[in-house]
Amino acid sequence: MTAKEWYKEWFNSPYYHKLYFDRDEQEARQFIQRLLDFLKPGPNDRMLDVACGRGRHSRILAHMGYDVTGIDISTDSIRFAKQFETERLHFYQHDMRLPAWINYFTFAFNFFTSFGFFPTRREHDDAVSTIVKSLKPGGAVLFDYLNVHWVEDHLVHNELKTIGNSQYEIHRWMDETHFFKKITVTDPSLEHAQTFTEKVAKLTLGDFNDMLSYQKVQVTDVFGDYALNGYHVRRTPRMIIVARKR
């Protein structure tokens, strides 16, 4: 698995979804409800879920009555998500770096650090461009990203997790520009252990502001956690950015 494309294999793995998304559905609903209370979307507003995975957040938004489109690079994830499609819920396999819709959505969401995976800044700029161009004038984009400075101060280097019959041995480290996570999975169904290595860029609020302002999008709000409390450079675990298209 090349460093450039680690996300393609890992995001298609069922163990990725077990590790990250077998979690409290109510927690996700509460977070999205807080966002909607803050953003106040209209009943006819269209929403884009960028890097939607198996469509967890997309399904919640659609259940709340909105027209939602989810896109993800993972073919297997989209194949799974498509079983939930309705007239107001749509899923497509798509790479966020490539052009897509133009002036179509009122809101675009990128949840759960589903960004920062590409090997170059140019590719991240391309992804931001795709998302911004998909928005109508006056539309809003939300990036739910890790707070680099908080993670640097609280990095847990070694961890062992057991989920069902699967065991995850996790080793974390960092350099000046990226966080790394090596995940070794053992499971009775596997003949040999499987190993995946994540690589996520240390993108700061300044980096996002630069990428967004270049696309003529203005950051309006930054939150520090899923309760939508204020962001602090050292004290809050998340960096949830809301920006508006001019």
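The values are calculated or read from the model by the stated rules, or taken from the named source; none is laboratory data. Predicted, not measured: the structure shown is a model, and the values here were computed from it. All Cβ positions, glycine included, derive from the backbone under ideal geometry; neighbour counts span all protein chains shown.
Cβ-Cβ distances below 6 Å connect the following pairs, each with a first residue in the range 124-141 that is farther than 10 Å from ALA100 by Cα, a second residue that is aromatic (Phe, Trp, Tyr), and a separation of six or more residues or different chains: HIS124/PHE118; LEU135/PHE105; ALA140/PHE107. Are any of the residues in the range 208-224 more than 18 Å from ALA140 (Cα to Cα), of a type in the set (D, E, K, R) and modelled with pLDDT of 95 or more? No, there is no match, as no residue in the range 208-224 is more than 18 Å from ALA140 (Cα to Cα), of a type in the set (D, E, K, R) and modelled with pLDDT of 95 or more.
Of the strands (runs of 3 or more DSSP E) lying entirely inside the range 106-203, those containing at least 2 residues that are within 14 Å of the chain's Cα centre (by Cα) and at pLDDT 95 or above are 135-146, 194-201.
Within the range 32-91, if we keep just the residues that are more than 19 Å from VAL132 (Cα to Cα) and hydroxyl-bearing (Ser, Thr, Tyr), the residue that is farthest from the chain's Cα centre (by Cα) turns out to be THR86. Of the helices (runs of 4 or more DSSP H) lying entirely inside the range 9-93, those containing at least 1 residues that are hydroxyl-bearing (Ser, Thr, Tyr) are 14-21, 56-63, 75-81. Taken together, the residues in the range 110-127 that are out of contact with any Phe, Trp or Tyr (no Cβ under 8 Å at 6 or more places or on another chain) and of a type in the set (A, V, I, L, M, F, W, C) amount to 2.
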